[in-house]
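The values are calculated or read from the model by the stated rules, or taken from the named source; none is laboratory data. All figures in this text were calculated on a predicted structure; none of them were measured in a lab. Ideal geometry is used to build each Cβ from the backbone, glycine not excepted, and the neighbour counts take in all protein chains shown. Calculation scope for accessible area: heavy atoms of the full protein, side chains included, ligands and nucleic acids excluded. Shrake-Rupley method; radii C 1.70, N 1.55, O 1.52, S 1.80 Å.
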Amino acid sequence: MMKCVEAGHEIVALANLYPSDGQEELDSYMYQSVGHDVIGAYAECMQLPLYRRPITGKPCNLAFDYVPTESDEVEDLYELIREVKVAHPDIEAVSSGAIFSSYQKNRVENICERLGLVSLAYLWEREQKGLLTEMIDSGLHAILIKVATYGLDGSDLGKSLGEMREKLFRLEAAVKVNVCGEGGEFESLTLDCPLFKRRLVIDESRKIVHRDHFEA
């Protein structure tokens, strides 16, 4: 979103999909779901309308080039963006944070084409170490809220990208960890950035361990 504003675009609404049936997290090919319960606060931080829908579909169509598929999780995103377009008929584009996943980028582009919108992906195929450094230097404050790779553990949760930069660089050199987490190595949550009118503060937290170790 910061890159959108830098390029002269106006952000008019936020859109988010979340797990249905009270689940904390989904095993999704498309969406980050951990931390979804905080997203409602983003509308207040940015003073923008937020549109949300539950994820009801599954990753049914795994082909590289997506075509509309009944009950696929991509169709949940289609319905969400369609709802936003009805509420804001003047919107022209959808911005996503795709960096390295052609699977995700192709599906966002498919949805945009069907709805007559442009897909904006300003982070696409950026050099990873440079992008991480740019994020940190830009005033974006994000913390790790999930780790899922060799070399990262519970002690890294809650640390900022700035605090993690050198460790991530070492892991990239040693075991090819993607420093932006594009291989699912970690998930992050933004607490503050130059677009926020207010910042998020975490008063308390708890750790949930699904596995106590990772295979090299």
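Scan segment 183-196 and tell me whether some residue there is of a type in the set (A, V, I, L, M, F, W, C), surrounded by fewer than 16 Cβ atoms within 10 Å (Cβ to Cβ) and within 29 Å of Ala43 (Cα to Cα).
At the first step, the residues of segment 183-196 found to be of a type in the set (A, V, I, L, M, F, W, C) are 186, 189, 191, 193, 195-196.
Adding the requirement that they be surrounded by fewer than 16 Cβ atoms within 10 Å (Cβ to Cβ) leaves none.
No.
When Ser138 is tested against (1) buried (at least 16 other Cβ atoms within 10 Å of the Cβ); (2) under 19 Å from the mean Cα position of the chain (by Cα); (3) at pLDDT 95 or above, exactly one condition is not met: (1). Among the polar types (S, T, N, Q) and open to solvent by 70 Å² or more (accessible area, probe 1.4 Å) - does that describe any residue in segment 80-96? No, segment 80-96 contains no residue that is among the polar types (S, T, N, Q) and open to solvent by 70 Å² or more (accessible area, probe 1.4 Å). Being of a type in the set (S, T, N, Q), at pLDDT below 95 and surrounded by fewer than 14 Cβ atoms within 10 Å (Cβ to Cβ) is a condition met by at least one residue of segment 14-24.
Set side by side, the residues Leu26, Leu77 differ, and just one is touching a Pro at 6+ places or on another chain (Cβ under 6 Å) and of a type in the set (A, V, I, L, M, F, W, C), which is Leu26.
Open to solvent by less than 40 Å² (accessible area, probe 1.4 Å), more than 20 Å from His36 (Cα to Cα) and either at pLDDT below 95 or among the β-branched types (Val, Ile, Thr) (or both), is that true of Val147? Judged against the criteria, Val147 is not a match. Please go through (1) assigned to a loop (DSSP other than H, G, I, E, B); (2) closer than 19 Å to Gln32 by Cβ; (3) touching a Leu at 6+ places or on another chain (Cβ under 9 Å) for Leu189 and return the number of the only condition it doesn't satisfy. Condition (1) is where Leu189 drops out.
Matching residues to (1) in contact with an Asp or Glu (Cβ under 9 Å, 6 or more places away or on another chain); (2) surrounded by 12 or more Cβ atoms within 10 Å (Cβ to Cβ):
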{"position": "Ser160", "(1), (2)": "no, yes"}
{"position": "Arg165", "(1), (2)": "no, yes"}
{"position": "Leu168", "(1), (2)": "yes, yes"}
{"position": "Lys176", "(1), (2)": "no, no"}
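Could you tell me whether Gly130 is under 20 Å from the mean Cα position of the chain (by Cα) and either closer than 19 Å to His36 by Cβ or not in a loop (DSSP other than H, G, I, E, B) (or both)? Yes, satisfied.
For (1) in a helix (DSSP H, G or I); (2) in contact (Cβ under 8 Å) with a residue 60 or more places away in the chain, each residue gets a yes or a no:
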residue	(1), (2)
Ser119	no, no
Trp124	no, no
Met135	yes, no
Tyr150	no, yes
Glu163	yes, no
Leu171	yes, no
Val177	no, no
